[in-house]
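Enquirer: Here it is: the structure, laid out below.
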Number of protein chains: 2
Amino acid sequence: MTDMPNRVEIHEEGPREGFQIEPGPISTADKIRLVEALADTGLHHIQVCSFVNPRVVPAWADAEAVVAGFKAKPDVHYSALWFNENGLNRALAFKDKLTISGSISLAASDAFTHKNLNRGHAENLDAMRKQTAAHQKNGVAVERIGVMAAFGCNYQGDIAPAQVVSVIEDGFKIADEAGATITTLSLADTMGWATPSRIDRVVGAVRSRWPDYQISLHLHDTRGQAVANAYTALRMGVSRFDSTVGGLGGCPYAGQKGAAGNICTEELVLLCEEEGIATGVNLDALIEVGRLAETIVGHVLPGELIHAGSLDAFRRKAH
Amino acid sequence: MTDMPNRVEIHEEGPREGFQIEPGPISTADKIRLVEALADTGLHHIQVCSFVNPRVVPAWADAEAVVAGFKAKPDVHYSALWFNENGLNRALAFKDKLTISGSISLAASDAFTHKNLNRGHAENLDAMRKQTAAHQKNGVAVERIGVMAAFGCNYQGDIAPAQVVSVIEDGFKIADEAGATITTLSLADTMGWATPSRIDRVVGAVRSRWPDYQISLHLHDTRGQAVANAYTALRMGVSRFDSTVGGLGGCPYAGQKGAAGNICTEELVLLCEEEGIATGVNLDALIEVGRLAETIVGHVLPGELIHAGSLDAFRRKAH
């Protein structure tokens with residue numbers, strides 16, 4: 001017996017994760033094309049861009065143009081990412097088009113926090129306190145605590161589940177002080193350390209401590225284990241996942257050139273649908289968008305279904 | 001609770017599966033280099049070549065030269081593949097160097113049998129009857145029944161578990177008539193149709209019918225589900241897998257250009273070792289062989305660990 005959900009909520013992050021790491025300049029028109037194509041597949045949550053410093057991430061210098069440019073569908077939630085009040089303000093300029101909510105973003109590895117943000121956990125807590133206040137000042141709900149490197153770290157090695165719990169506790173302190181109501185705990189396998197038993201232990205520890213909160217997983221396929229990890233999480237009843245079409249993306253700070261990106265949306269959808277879990281996504285349409293993504297970035301993407309096709313496509317031909 | 005084994009037996013098929021499908025000519029010396037490098041990683045079962053018609057598979061015209069050329073290690077079993085008595089006789093010329101045993105090789109999909117072998121199931125049974133007799137005449141034990149397309153078929157669609165059971169029964173009839181003692185039932189996901197619940201149903205049906213036989217899985221990663229499928233099988237106690245270093249290979253008859261090959265040995269070893277299942281393989285050494293395989297074939301292979309490295313490599317750096 002498992003706790004397999006009937007339905008999962010997939011948060012597509014291909015445009016944001018993918019275009020930030022791609023070497024070639026991608027045109028604003030192509031970014032818009034990908035966002036609009038994704039929205040036509042049945043995906044209801046699409047992260048469209050990062051509002052970050054264009055000197056640090058030049059690939060997102062056109063974030064405003066992308067958000068202004070795409071034609072929004074009424075039943076799709078479009079979101080964006082930001083790391084400070086300036087980014088939040090840029091997002092708020094599009095509050096009629098974007099779904100804007102805040103996160104308290106922490107990492108279970110101090111070594112990663114130093115490498116990624118050039119500050120320690122304590123300083124990061126201060127920054128998150130300020131950011132939470134900035135969100136609330138602007139009337140933006142802070143609903144999520146996110147933990148990066150929750151399953152292990154290239155710089156720190158293994159991460160104990162108790163460490164993940166402790167970091168989330170720090171996040172709740174910030175939320176409680178600010179009067180924010182957290183609904184979702186997001187665990188990120190930023191550098192591809194998760195394996196099925198590690199999913200079991202970390203998700204288990206977090207759920208035992210906070211049984212009433214939604215758990216969301218952000219998995220990377222760095223070592224080829226992402227689909228097995230998602231399956232393990234599904235068996236535990238986890239029903240919210242981030243993923244990227246074609247497996248776009250990767251972590252620019254993980255120190256692994258050429259490493260794979262996020263779990264591929266097509267492979268996650270195939271897994272869910274074949275296991276009887278509804279995704280709302282038309283897989284064949286999504287595979288076409290994966291092919292579009294490959295054309296846009298100009299190189300082969302790791303998503304296998306781009307090349308193999310869905311099972312349903314072959315079922316139709318067989319009958 | 002699961003039936004997870006303490007140890008798995010991995011049958012490395014990279015040289016045989018990989019070199020048969022690679023477009024570029026691969027030198028005999030490089031084939032030998034790969035076989036010898038694999039034997040240094042702790043792998044105990046390596047399939048080194050195919051004794052097939054060189055007009056059909058020109059890439060294996062040098063099968064004899066490869067087998068004659070590699071330096072054998074005493075604790076490693078080297079095997080080969082063949083499809084008829086001529087191939088068997090070519091293998092028997094190396095009976096002091098190769099581990100030679102026979103298979104009754106069938107397919108659960110009649111459409112696939114037609115496409116792959118240009119004959120139907122009944123004709124294939126006749127051919128297998130003759131081949132079994134040829135093996136026994138030569139003193140070669142026939143120990144294995146193999147079922148291709150056991151989880152689904154690009155030409156026939158879904159395959160019922162009862163169909164797989166029926167095909168294995170046909171195989172047992174041949175074995176019984178010939179007085180052969182079967183020990184292993186090998187289920188191949190030739191075209192990447194398996195998903196966790198399908199593994200569960202097919203392996204479950206076969207094991208219920210023949211509880212005392214070893215089950216071996218030959219998984220392909222065509223749709224990115226191979227590691228999740230292996231994990232599901234491990235939980236059911238399956239302890240023998242075929243795999244290929246770097247994910248070399250693929251099925252030339254599957255009608256999917258560019259589709260991924262077999263489950264990658266490195267990813268399978270990582271999964272097992274992190275779950276506490278012994279493989280006997282030095283993963284870091286194996287990753288180096290994956291890099292060698294990439295150099296030999298001259299293009300990027302799907303195995304993620306070639307680019308990401310093992311967890312242990314990062315653990316050592318972190319401490």
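Values quoted throughout were computed directly from the atomic coordinates according to the rules given, and no laboratory measurement underlies them. Computed from a predicted structure; not experimentally measured. Here the Cβ is made from the backbone with ideal geometry for all residues, glycine too, and neighbour counts use every protein chain on show.
Enquirer: Would you please put B:209-219, B:238-248 in order of how densely packed they are, using the mean number of other Cβ atoms within 10 angstrom per residue and starting with the highest?
Expert: B:238-248, B:209-219
Enquirer: A follow-up question, please. Please report the antiparallel percentage of DSSP beta bridges with both residues in the range A:102-239, rounded to the nearest 5.
Expert: Around 5 percent of the beta bridges assigned by DSSP in the range A:102-239 are antiparallel ones.
Enquirer: Which distance in nm do the two modelled labels at B:ARG201 and B:ARG315 give, with both placed 7 Å along the Cα-to-Cβ direction?
Expert: Placing both labels 7 Å along Cα→Cβ, they lie 3.8 nm apart.
Enquirer: How much net charge surrounds B:ASN124 when only other residues with a Cβ under 12 Å from its Cβ are counted (Lys, Arg +1; Asp, Glu -1)?
Expert: Its environment carries a net charge of -1.
Enquirer: Next up: State to the nearest 20 debye the size of the charge dipole of the protein assembly as shown about its Cα centre, where the only charges are +1 on K and R beta carbons and -1 on D and E beta carbons.
Expert: The dipole magnitude comes to about 300 debye.
Enquirer: Below 8 Å between Cα atoms, with a sequence gap of 6+, how large is the relative contact order for the range A:102-239 in percent?
Expert: 24 percent
Enquirer: Averaged over A:260-266, how many beta carbons belonging to a partner chain fall within 10 Å of each residue's beta carbon?
Expert: Taking all residues of A:260-266 together, the mean is 1.
Enquirer: Sticking to Cα atoms, compute the Rg of the range A:102-239 to one decimal and its Dmax as the biggest Cα-Cα distance, whole number, in Å.
Expert: Radius of gyration, then largest Cα-Cα span, for the range A:102-239: 14.4, 42 Å.
Enquirer: Within 10 Å, Cβ to Cβ, of A:ARG198, how many net charges do the neighbouring residues add up to if Lys/Arg are +1 and Asp/Glu are -1?
Expert: -4
Enquirer: Once R0 is set to 56 Å, what does the formula 1/(1 + (r/R0)^6) return for the Cβ-Cβ distance between A:LYS173 and B:ASP96, expressed as a FRET efficiency to the nearest 0.05?
Expert: Rounded to the nearest 0.05, the efficiency is 0.20.
Enquirer: In vacuum, with every alpha carbon of chain A counted as one equal point scatterer, what does the Debye formula give for log10 I(q)/I(0) at q = 0.07, 0.08, 0.10 Å⁻¹? Two decimals, please.
Expert: For chain A at q = 0.07, 0.08, 0.10 Å⁻¹, log10 I(q)/I(0) is -0.25, -0.33, -0.53.
Enquirer: Let me ask another. Return one quarter of the surface area of the convex hull spanned by the alpha-carbon atoms of the range B:89-180, equal to its mean projected area, in nm².
Expert: Across all orientations, the range B:89-180 yields a mean hull projection of 6.2 nm².
Enquirer: Averaged over its residues, how many other protein chain Cβ atoms are within 10 Å of peptide A:48-59's Cβ atoms?
Expert: 0
Enquirer: Say each of A:LYS73 and A:ARG55 gets a label point 7 Å from the Cα, pointing the same way as Cα to Cβ; how far apart are those two points in nm?
Expert: Going from the A:LYS73 label point to the A:ARG55 one covers 4.0 nm.
Enquirer: What number, in percent, do you get for the relative contact order of chain B if the mean sequence gap of Cα pairs under 8 Å and at least 6 apart is divided by its residue count?
Expert: Over chain B, the number comes to 20 percent.
Enquirer: Looking at the P(r) of the protein assembly as shown, how many percent of alpha-carbon pairs lie beyond 44 Å?
Expert: Summing the P(r) tail past 44 Å for the protein assembly as shown gives 22 percent.
Enquirer: Also: So how strong a dipole does chain A carry about its Cα centre when Lys and Arg Cβ are +1 and Asp and Glu Cβ are -1, to the nearest 20 debye?
Expert: Dipole magnitude for chain A comes out near 400 debye.
Enquirer: Sort the range A:175-319 into rounded, prolate or oblate with this rule: let a ≥ b ≥ c be the square roots of the eigenvalues of the Cα gyration tensor; rounded if a/c is under 1.5, and if a/c is not under 1.5, prolate when a/b is larger than b/c, oblate otherwise.
Expert: Verdict is prolate for the range A:175-319.
Enquirer: For the range A:187-255, what Kirkwood radius comes out of the mean inverse Cα-Cα distance, in Å?
Expert: 12.4 Å
Enquirer: Say R0 is 35 Å: what FRET efficiency, to the nearest 0.05, do A:ALA127 and B:ILE21 get from their beta-carbon distance?
Expert: 0.10
Enquirer: Let me ask you something else. How large is Rg over Rh for the range B:119-160, taking Rg from the Cα atoms and Rh as the Kirkwood inverse mean of 1/r across Cα pairs?
Expert: 1.11
Enquirer: Still on this model: Indicate, rounded to the nearest 5 percent, the antiparallel portion of the DSSP beta bridges found entirely in chain B.
Expert: Here the antiparallel bridges make up roughly 5 percent for chain B.
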